[in-house]
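The values are calculated or read from the model by the stated rules, or taken from the named source; none is laboratory data. Note that this is a predicted model, so its numbers are computed, not measured. Here the Cβ positions follow ideal geometry from the backbone for every residue, glycine too, while neighbour counts run over all protein chains shown. Just so you know, the surface numbers come from the protein's heavy atoms only, side chains and all, with ligands and any DNA or RNA stripped out. Shrake-Rupley method; radii C 1.70, N 1.55, O 1.52, S 1.80 Å.
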Amino acid sequence: MIEIISSLGDGVWQALQPINLGLAFIGVVVGLFVGAMPGLGSVNGVAILLPFTFVIQKYTGTATSPMIFLAAIYYGAMYGGAISSITLGIPGASTAVATTFDGRPLALQGKADQALVAAAVASFVGGTVANLLFTGFAPALASVALDFGNPEIFALMLLAFATFVGLGGDDIPKTIFSICIGLVLATVGFDIISGEPRLQFGDPLDLFPATAGLIDTTGFSHGIRFLVLAIGVYGIGEMMWTINSSRGKITMTETTITYDRIRLALIEYRKKAWKGTMIGSALGFFVGILPAAGATPGSLMSYGVAKMTSRNPDNYGKGELDGVAAPEAANNSASTGAMLPMMTLGIPGSPTTAVLLAGMVIWGLQPGPRLFVDQPDFVWPLIGSFYVSNLIALLVNLAFIPIFLWMLRMPFTILAPLIFVLSVVGTFAAYQNLFDVWLMVLFGLGAFLLRILVYPLAPAVLA
């Protein structure tokens, strides 16, 4: 333990060197805005900026600095995803879908400052807890994750489905129907075992010949992408529902932000959100270390567990501060947890860590069990940067809250077209595919109709 503390101290000192500290700050700020932009998220931000790291490596002569830069983008994007979820009702990334469930209602109640402060602090706590667990128990936790086979994965998914009933409210038949819709959408594409096509409906040009040249002809062969569904449901669908319920007369709730309001928001967080933060921190890290799981299931499951263990579960979905803290703590905790199998096993724990893994290989590093032994000068400064980037992300996020709240002061007549444009641009930027854009709009219409019929949307999206 003394050796670990000594190595961590050296790593933090290296991370605080001017060049690394500057790269961490730039990475966090870039990640914050990448995460807030609907449809982009951490994986796209890291992938887009990966080529720039060759310039950083050439200038610094080490692979540590570019990795610190990319890891900081990852951290910033985890924080940033909550911004558009709360202020616009559009998840900036799939990891922030659960944040919209209570973050958006809080914003509409004039409590956007409380939601944003809770998201920032819970993210910091979740990241710090995960960093401590990562530092102290990396080898043991990696071996546990490696032992997870099909039975354990099935049990984990069964637990996730068990939380859906709680997310769907009291109408269990409608909740089950919503789950079935999600499961059907999840089967579209090619069967991962046999490779047989499922529910692809042939060439889309056969159905819509007038769209020749406007959409790609692969149709549903790539399946239903989760981000397309999430943006359609919580971007287009939410916009249409707001227009329908307000008949165009509503403007977004205005609120001001001062140091006193931030202080009061911190008091509210301490009173109402500590339990969700602890649940998200622990569960998020555990799910994050599972190979290929990532932060999205961790945040969704944490929200469900927080609701199931709450004394007031009926308040969830209506503006419960714990409902913001749990998924935000979880997605930051899971993002650190996902680094563990990547570094110790060479197995990416999430799509973003898969990009980071590619970068490490390009820089001549070999992730795996011997990375900590053969490359301590790379590993410990990187781990140290996790702590530094986490603190930077908290301070930057709190400092930028007035800018985020500025969005709420726009009349909805201006905000609705902006949401539509952001949804379309974000979907296209993520996949460069107009077919997915049309699909996103279709999901928005479907979500609007389901809300009119009083069907819960969360179980369908999660399934």
Report ³J(HN,Hα) in whole Hz for each residue of the stretch 419-425, in order, from the Karplus equation J = 6.51 cos²θ - 1.76 cosθ + 1.60 where θ = phi - 60°; Gly and Pro get x. 4, 4, 5, 4, 5, 5, 5
Counting only backbone N atoms under 18 Å from a point 7 Å out along Cα-to-Cβ of I403, the residues of the stretch 87-118 in range are 87-88, 92-93, 113, 116-117
Can you work out the Karplus-derived ³J(HN,Hα) for every residue in the stretch 357-364? Use 6.51 cos²θ - 1.76 cosθ + 1.60 with θ = phi - 60°, whole Hz, and x for glycine or proline. 4, 4, x, 5, 5, 4, 7, x
Could you calculate the contour length gain from N150 to Q17, that is, 0.36 nm times the residue separation minus the distance between their Cα atoms, to one decimal place in nm? 43.4 nm
Take T60, T95 and sort them by solvent-accessible surface of the protein heavy atoms, 1.4 Å probe, largest at the top. T60, T95
Computed lengthening from I267 to Q432, 0.36 nm per intervening residue step minus Cα-Cα distance: 55.0 nm
May I ask you to order 309-321, 96-108 by the average number of other C-beta atoms within 10 Å around their residues, highest value first? 96-108, 309-321
Could you sort 359-367, 82-90 so that the peptide with the highest average Cβ count within 10 Å comes first and the rest follow in order? 82-90, 359-367
Highest first, please rank the peptides 434-447, 172-185, 331-344 by the mean number of other Cβ atoms sitting within 10 Å of their residues. 331-344, 434-447, 172-185
Set of lysines with alpha-carbon distance to K271 below 26 Å, sequence-local pairs under 8 removed: K111, K307, K318
